[in-house]
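Values quoted throughout were computed directly from the atomic coordinates according to the rules given, and no laboratory measurement underlies them. Note that this is a predicted model, so its numbers are computed, not measured. Here the Cβ is made from the backbone with ideal geometry for all residues, glycine too, and neighbour counts use every protein chain on show.
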Amino acid sequence: MNVTVLLAWRNLWRHPRRTWLTLGAMVFSNVLLVFMISLQFGMYRLMIENTLLTFTGHLQVQAEGYNDNKKMRQIVPDIQALSTRLREKLTLNTVSPRAMAFVLASSKDRTYGIQVLGVDPEHEPLVSSIPGLVEDGRYLQASDTAEVFIGRVLARNLRINVGDELTLLGSGRDGSLAAAVVVVAGIFESGVTDLDRSIAEIPLTFFQDTFFMRGAGHQIVITTPDLSLVNKTVAAVDSILPKDEGLVTLDWNVLQPGLKQAIQADISSAFFMYGVLVVLVAFSVLNTQLMSVLERTHEFGIVMALGISPGHLGRLVMLETAMMGTIGLFAGAFLGGLVTLWFSYNGFSYPGMEDMAANFNLPSRFYPQVTVLAMFLGPLVVFLFTVLSALYPALRLNWLHPVAAMRAA
Amino acid sequence: MTAVRCIDLCKTYRQGDQDIKALDHVSLEINAGSFLCLSAPSGGGKTTLLNAIGGLDAPDSGEVWIAGRRIDHLKKSELAQLRLMQIGFVFQAYNLIPVLTARENVEFVMQVQGLSAAERVRRSSAILDEVGLSGLENRRPAEMSGGQQQRVAVARAIVSHPALVLADEPTANLDSRSSDELLRVFVELNRKYDTTFVIATHDQRVMGYARRVIKMLDGRIVDDIEQHAD
């Protein structure tokens, strides 16, 4: 065996207690990092999927500018035909057209401003979770005409129930008055108050007739089998869209900038905390290796007298640290993986989490996901900082004078 | 052939308010294959001279030549290379690496020299046998006596057959029997490999083995005696 490697390994265990303590700090922080990063990644994925699958979808086709200023006139022409074409070309069934208007919704004695959506009852359940959240009655059917599906809070505010009538009053695509009387077919409850208070869905064809859309709509909502396929699908959709109709494909980052910002803000604060943890571990290693170098000053003087260069000794110190870091990395990743695996089956929750989760339509228990990236990202950063922290003790050997070093006790 | 040449070496240390002349215009020539003792009382300058010859400490002025090469102005890395390949050191306090076995201590320097594993094993076995440590190859320093440790240190110093071995008070921590055994090893190696030995000591017994004794006092050479070794 290489004597330098052997020497580095045995040097590591000259003071087993000190090495174990440093390793313990390293492993503990790695376990914490693996678990927290897994939890965080799992949570973000859930947040993204839940938020997008509730309503927005992974991507949408819209008229250019519609996303910033939702005017009735900015339309996707012949939206059903285009949706069918997209389904065929993408070989993806999760494509659904929508139209949208802001209206006054009146019951017998109450009126509220809401957003009414014209949806394709056949395809909407494939891109949105709202149709599956029926509390009373049923969701819209292809044969429906003047039926509406509303949120629980809106139903309560308007004091209506399944079978009751609701009057919708708004502006058509051409600016004329648009009005319709619809019957409540079903009531949903998502748990997100904003949605439950302000959304009503009616069949797209009925919407087009009521709001004089002439076959047009405002959004084609598309979901992909996996979040990672979004960019690829955006490019595919772009290539299918007619070039002269001013249509754009927007991914969820553009459609839900708040979601991305919330995640980014959370990542920033979390990574600051992780940074503090990593720096603390790095200082612990620095302390250990500096002590280790200082107490071996005499020995280093001797081997320098024998002709071993400071560079070789520096590499020895780096090798010792890298060995310790490697143990910390794999032990931390393994134990962190085990802890995460346990929570991935049993879930994780803490006081106050329910309220926070409800804001994003999330469950009150999170299930972290064990991935190779989450298992090794944190421990690799700790390893890197561990090795970096040994640079000072290693470089310090360059200033060591053999005679002075040999005089050291 | 000249192994070591020192020309007008001066070295002054500052100790408190006082300047101490450790080397005071020392000039010296040592032939290859010599077995020489530097003798001086404590503070006489023998260790300083040994360090200057070994390139461990630079003189304030003067020149040091080893095997025809001037070394007093070499860079640290060049001096390390010189010591690694041409000079062996033996110290008073053995100074073995405590976590390595006798064999590994001997092999460590050879590995840095770039020798293959097989060659290292062959040479370390031979040299440990030569210094009388057969069977103790796998013991760590703490499991050996002072004399045995010093013989490992000697094996480490001479395993690469350096032209010059510098020993600083090598018998100071040994009993008389161990000292004699060690010195006999020195003499044997000197005869067998024609290695130049320069030993700093104030031990009369060591001087008895030397063929040349240089006496120093207050940093100056005061006597240079050729003699028949015991």
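List of remarks:
- Looking at the protein assembly as shown, the DSSP beta bridges with both ends there are about 70 percent antiparallel.
- This model, with +1 at the C-beta of Lys and Arg and -1 at the C-beta of Asp and Glu, gives the protein assembly as shown a dipole about its Cα centre of some 1280 debye.
- Qualifying trypsin sites (Lys or Arg not before Pro) in region B:55-128, DSSP loop, other Cβ atoms within 10 Å at most 11: B:LYS75
- Top of A:PRO257, A:PRO131, A:PRO121 by mean-square fluctuation, Gaussian network on chain A, Cα under 10 Å: A:PRO257
- Along its three principal directions, the equivalent ellipsoid of chain B from the Cα gyration tensor extends over semi-axes of 29, 20, 17 Å, largest first.
- Antiparallel DSSP beta bridges within region A:59-223, percent to nearest 5: 75 percent
- Residue (of B:GLY45, A:ALA8, A:MET406) at the positive-pole extreme of the protein assembly as shown, dipole from beta-carbon charges: B:GLY45
- Tilt relative to chain A, helix A:310-346 - C-alpha long axis, 0 to 90 degrees, to 10: 40 degrees
- Translational diffusion of the protein assembly as shown was estimated from the Stokes-Einstein equation, with Rh taken as the Kirkwood radius over Cα pairs; at 4 °C and 1.567 mPa s the coefficient is 41 µm²/s.
- The relative contact order of region A:1-146 comes to 17 percent, based on Cα pairs under 8 Å that sit 6 or more residues apart.
- Computed on chain B, with alpha-carbon pairs under 8 angstrom and 6+ residues apart, the relative contact order is 29 percent.
- Helix A:372-389 and the longest principal axis of the C-alpha atoms of chain A enclose an angle of approximately 40°.
- Estimated purely from DSSP H runs of n ≥ 4, each contributing -39500 (n - 2.57), the mean residue ellipticity at 222 nm for the protein assembly as shown is -15000 deg cm²/dmol once divided by its residues.
- Cα long-axis angle, helix A:3-12 against chain A (0 to 90 degrees, to the nearest 10): 80 degrees
- Put the Cα centre of region B:16-87 next to the Cα centre of region A:327-402 and the gap is 55 Å.
- Debye equation applied to the C-alpha atoms of region A:245-344, log10 I(q)/I(0) at 0.11, 0.13 Å⁻¹: -0.64, -0.75
- Max mean-square fluctuation residue, GNM over chain A, Cα-Cα springs under 10 Å, options A:ASP109, A:ASP164, A:ASP78: A:ASP109
- Taking the Cα centre of region A:59-223 as origin and assigning +1 to Lys and Arg Cβ atoms and -1 to Asp and Glu Cβ atoms, the resulting dipole is close to 340 debye.
- Leading residue at positive end of dipole, chain A (Cβ point charges), from A:LEU335, A:ALA155, A:LEU286: A:LEU286
- The ranking of B:ASP60, B:ASP24, B:ASP17 by Cβ neighbour count inside 10 Å, starting from the fewest, reads B:ASP17, B:ASP60, B:ASP24.
- Value of relative contact order over chain A, rounded to a whole percent, pairs C-alpha under 8 Å and six or more apart: 26 percent
- Taking the alpha carbon gyration tensor of region A:59-223, multiplying each eigenvalue by 5 and rooting it gives semi-axes of 24, 18, 14 Å, largest first.
- Exposure proxy ranking, count of Cβ atoms within 10 Å, fewest first, for A:PHE383, A:PHE149: A:PHE383, A:PHE149
- Taking other Cβ atoms within 10 Å as a rough exposure proxy, A:PHE283, A:PHE188, A:PHE348, A:PHE376 sort from fewest to most as A:PHE283, A:PHE348, A:PHE376, A:PHE188.
- Above-threshold pairs, the threshold being 28 Å between Cα atoms, out of B:LYS21/B:LYS75; B:LYS76/B:LYS215; B:LYS11/B:LYS215; B:LYS75/B:LYS192: B:LYS76/B:LYS215; B:LYS75/B:LYS192
- Most fluctuating residue given options B:ALA67, B:ALA155, B:ALA167, as computed from a GNM of chain B linking Cα atoms under 10 Å: B:ALA67
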